[in-house]
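Data block below; observations after.
The values are calculated or read from the model by the stated rules, or taken from the named source; none is laboratory data. Remember, it's a predicted structure, so these values are computed and weren't measured experimentally. All Cβ positions, glycine included, derive from the backbone under ideal geometry; neighbour counts span all protein chains shown. Keep in mind that these areas ignore ligands, DNA and RNA; they rest on the heavy atoms of the full protein, side chains included. Shrake-Rupley method; radii C 1.70, N 1.55, O 1.52, S 1.80 Å.
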Amino acid sequence: MNDVIQNSLAEQPQPATFTLREQDEIGIITMDVPGERMNTLRDSFVDEINHLLTDIKTKKHLTGLVLCSGKPDSFIAGADVNMLAACTSAKQAEDLSSAGQAIFNQLGELELPLIAAIHGPCLGGGLELAMACHARVCSDDAKTRLGLPEVQLGLIPGSGGTQRLPALVGLTKALDMMLTGKQLRAKQALKAGLVDDMVPASILLDTAIALARSGKTQRQPKQNIKNWALAANPLGRKLVFDKALSTVNAKTRGNYPAPQQLLEVIKVGLEQGIKQGLAAEARAFGKLVMTPESAALRQLFFATTEMKKETHWQGAKPATLAHIGVLGGGLMGGGIAFVTATKAGLPVRIKDISHQGINHAMASAHGLLAAKVRKRHLRATEMQQQLGRITATLDYSGFARADMVIEAVFEDVDVKRSMVADIEAHCPAHTLFATNTSSLPIHQIAKGAARPEHILGLHYFSPVDKMPLAEIIPHAGTAPAAVASALKLARAQGKTPIVVTDSAGFYVNRILAPYLNEAARLLLEGEPIEVIDSALVDYGFPVGPMTLLDEVGIDVAAKISPILAQELGERFKAPDVFSKLLDDNRHGKKNQRGFYRYSDKNSRKKTKPVDDSLYALLNVKPQSQLPAQDLAERCVLLMLNEAAIALDEGVVTSARDGDVGAVFGIGFPPFAGGPFFYMHQLGIPAVIEKMQTYTRKYGERFTPCEPLLRLAEQGKSYY
């Protein structure tokens with residue numbers, strides 16, 4: 001009986017994604033993917049669109065068409081990236097691209113004027129579809145964003161975007177958008193010429209209908225003498241492409257193939273015409289889909305997308321969080337308050353022991369928002385509204401309404417325990433207590449608490465307004481609902497949170513420590529500071545380990561190292577570098593004394609000069625001896641080994657979370673996908689062989705760990 005019911009349901013026609021209705025001789029095409037929160041384009045829609053176009057051609061009374069979305073807050077978020085996972089060859093991916101191009105070409109060749117009515121995100125394939133229309137109108141809503149972010153997945157636009165965008169906004173603007181994945185707000189899109197009109201959402205459809213009825217859709221692309229000089233003649237184009245290639249090489253260090261392919265494809269279109277440009281686009285798209293870099297970047301995309309859907313923790317629902325408290329108005333506390341008020345949109349109350357701390361937090365928030373107003377990314381009224389959510393006090397007044405309090409005072413377990421006692425005395429019984437410790441065990445902070453089930457770690461990374469990761473650390477007695485609530489808040493603050501166990505260093509600092517320690521050993525061996533940093537940047541990290549130590553604080557690293565060594569063993573013992581630097585009052589950028597010089601005359605330089613006096617302090621004569629690959633791999637292999645141990649011990653719950661934590665927390669090369677995906681792509685036996693080679697060359701610390709050896713023996717991997 002059940003089989004009969006299931007077969008009957010399977011035979012029922014699926015709801016259409018594209019529907020056509022008429023309004024005063026204007027056909028309104030609505031895209032609404034059934035059962036999905038946002039529209040995405042799929043190859044399965046090709047037949048449906050072809051049938052729709054055939055139907056339209058039979059309706060001779062129609063005088064125009066409008067394309068809109070049936071979703072309340074989005075237009076089309078892009079193509080469904082899952083399609084690419086099914087491709088087993090570059091030819092398959094190329095055919096996907098060619099099919100999309102053919103459909104969009106048909107839309108562009110319609111005799112009836114076709115207007116895209118855009119409200120909400122219009123990205124990737126969604127923007128390519130909109131650009132194939134004869135004109136575009138968008139809402140002035142803050143949700144409306146237009147862009148081609150394919151490069152962030154190691155790809156290029158594959159449905160005509162590389163050819164149509166330069167024709168609409170000019171070569172220079174198009175390169176800026178496609179090489180960075182930058183998204184334009186509605187006003188920016190109008191100014192650039194990407195849309196033809198911008199109106200309130202309430203009259204968006206009526207405006208699009210009026211434009212379709214008028215037939216005035218042949219708007220000339222924005223052009224001026226400078227754009228013509230740069231794009232419309234061979235010499236100007238060469239200057240533009242040479243400059244773009246130089247910028248790409250400087251930023252990617254050759255680790256990302258998509259930007260270079262993008263430049264080549266756009267050049268073909270400009271020099272040989274759109275037909276050849278589209279063919280080049282499809283070929284390049286197909287090749288890029290099969291690259292390991294795109295596979296890694298898409299894996300990260302899928303991982304973060306999955307994580308956003310996980311609203312519960314161990315079956316528990318998050319509590320309602322309406323008011324947040326923050327203890328400490330310093331760099332971290334002020335940053336936490338800022339993202340709570342501006343991203344999560346929640347009222348936040350800061351408590352500090354002095355007016356100085358409060359003033360620092362308020363001034364920091366004002367400065368960050370004022371910069372957005374100057375760039376016209378935010379209205380002055382919106383700035384005042386967001387600042388109004390932040391209030392402060394020197395006592396606990398106002399904390400009686402706090403649903404969660406986040407503590408961000410200095411690293412001292414007794415001080416943090418006193419904060420717990422204060423919150424339990426001044427806040428309701430349901431109030432959750434989250435500590436922003438970077439190293440102290442959460443169970444020690446919770447010791448002696450009246451409500452230990454409400455206590456957990458919520459570790460942000462500095463600067464809070466920019467760094468995307470948050471580590472959530474429950475101790476053994478933390479209630480699952482508290483974890484679910486912290487996950488909910490972190491996501492609302494714009495963070496990608498991972499849950500890690502309550503152990504020394506948690507996850508990110510634990511795998512970072514061996515990496516930094518090895519960089520310090522290289523320095524003691526005589527490798528120059530800038531050479532070490534350059535080797536790791538070439539490898540794909542955003543900054544080198546020495547620069548990172550200066551940014552984070554040499555004193556912070558020195559404080560964490562002994563804790564890790566005590567709890568986890570001798571492999572975490574730091575070389576005798578950090579103590580000597582601290583004795584010389586070198587804390588890094590914060591006090592303008594570190595591996596690099598931060599004097600006023602160097603403050604605006606992108607590349608700071610090395611402080612050469614440091615070599616004498618360490619009794620080192622700098623001389624580059626090792627190949628850059630060895631410098632980088634000595635640091636990275638120790639990080640990979642420790643990540644494998646951490647996962648095996650359950651510090652992170654999955655390879656997926658470990659990869660997200662490493663990429664978003666310390667800048668592990670995104671094109672490699674994270675430590676575990678990187679080892680998976682290299683092959684576990686190859687990783688072990690490399691470690692064994694380094695063991696023979698550089699010492700026992702490179703011995704592959706037992707979890708890796710076990711995986712290889714079983715013929716398994718992380719994915």
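See the values below:
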| quantity | calculated |
| --- | --- |
| Single unsatisfied condition, residue 134 versus (1) touching a His at 6+ places or on another chain (Cβ under 7 Å); (2) open to solvent by 10 Å² or more (accessible area, probe 1.4 Å) | (1) |
| So residue 619, is it at pLDDT 90 or above, among the polar types (S, T, N, Q), more than 29 Å from residue 410 (Cβ to Cβ) and not in a loop (DSSP other than H, G, I, E, B) | no |
| Residue 315, sole failed condition from (1) over 24 Å from the mean Cα position of the chain (by Cα); (2) modelled with pLDDT of 95 or more; (3) farther than 30 Å from residue 159 by Cβ | (2) |
| Out of 128, 94, sole residue that is open to solvent by less than 10 Å² (accessible area, probe 1.4 Å) and closer than 15 Å to residue 278 by Cβ | 128 |
| Matching residues, the range 395-439, being in a loop (DSSP other than H, G, I, E, B), hydrophobic (A, V, I, L, M, F, W, C) and surrounded by fewer than 18 Cβ atoms within 10 Å (Cβ to Cβ) | 410, 429 |
| Residue 689, sole failed condition from (1) open to solvent by 10 Å² or more (accessible area, probe 1.4 Å); (2) within 17 Å of residue 515 (Cα to Cα) | (2) |
| Residue count, the range 440-478 (criterion: open to solvent by 10 Å² or more (accessible area, probe 1.4 Å) and either in contact (Cβ under 8 Å) with a residue 60 or more places away in the chain or farther than 16 Å from residue 405 by Cβ (or both)) | 17 |
| Close pairs from the range 320-338: first more than 25 Å from residue 481 (Cβ to Cβ), partner open to solvent by 30 Å² or more (accessible area, probe 1.4 Å) and β-branched (Val, Ile, Thr), Cβ under 6 Å, at least 6 apart | 328/409 |
| Selection count, the range 544-553, where residues are surrounded by 24 or more Cβ atoms within 10 Å (Cβ to Cβ) and of a type in the set (A, V, I, L, M) | 2 |
| Checklist (1) open to solvent by 30 Å² or more (accessible area, probe 1.4 Å); (2) touching a helix residue (DSSP H, G or I) at 6+ places or on another chain (Cβ under 6 Å) applied to residue 309, failing item | (2) |
| First in the range 604-633 and touching a residue at least 40 places away in the same chain (Cβ under 8 Å), second anywhere and exposed (fewer than 14 other Cβ atoms within 10 Å of the Cβ) and assigned to a loop (DSSP other than H, G, I, E, B), Cβ under 7 Å, 6 or more apart | none |
| Top-ranked residue in the range 200-247 [being outside any helix (DSSP H, G or I) and of a type in the set (S, T, N, Q); ranked as modelled with the highest pLDDT] | 233 |
| Hey, residue 38 surrounded by 15 or more Cβ atoms within 10 Å (Cβ to Cβ), in contact with a strand residue (DSSP E or B) (Cβ under 6 Å, 6 or more places away or on another chain) and within 24 Å of residue 80 (Cα to Cα) or not | no |
| Answer residue from the range 355-394, given it is of a type in the set (Gly, Ala, Ser) and either on the phi > 0 side of the Ramachandran plot or surrounded by 19 or more Cβ atoms within 10 Å (Cβ to Cβ) (or both) and is modelled with the lowest pLDDT among those | 357 |
| Residues of the range 666-686 satisfying the condition of being part of a helix (DSSP H, G or I) and either under 21 Å from residue 150 (Cα atoms) or open to solvent by 10 Å² or more (accessible area, probe 1.4 Å) (or both) | 666, 670, 671, 672, 677, 678, 680, 681, 682, 685, 686 |
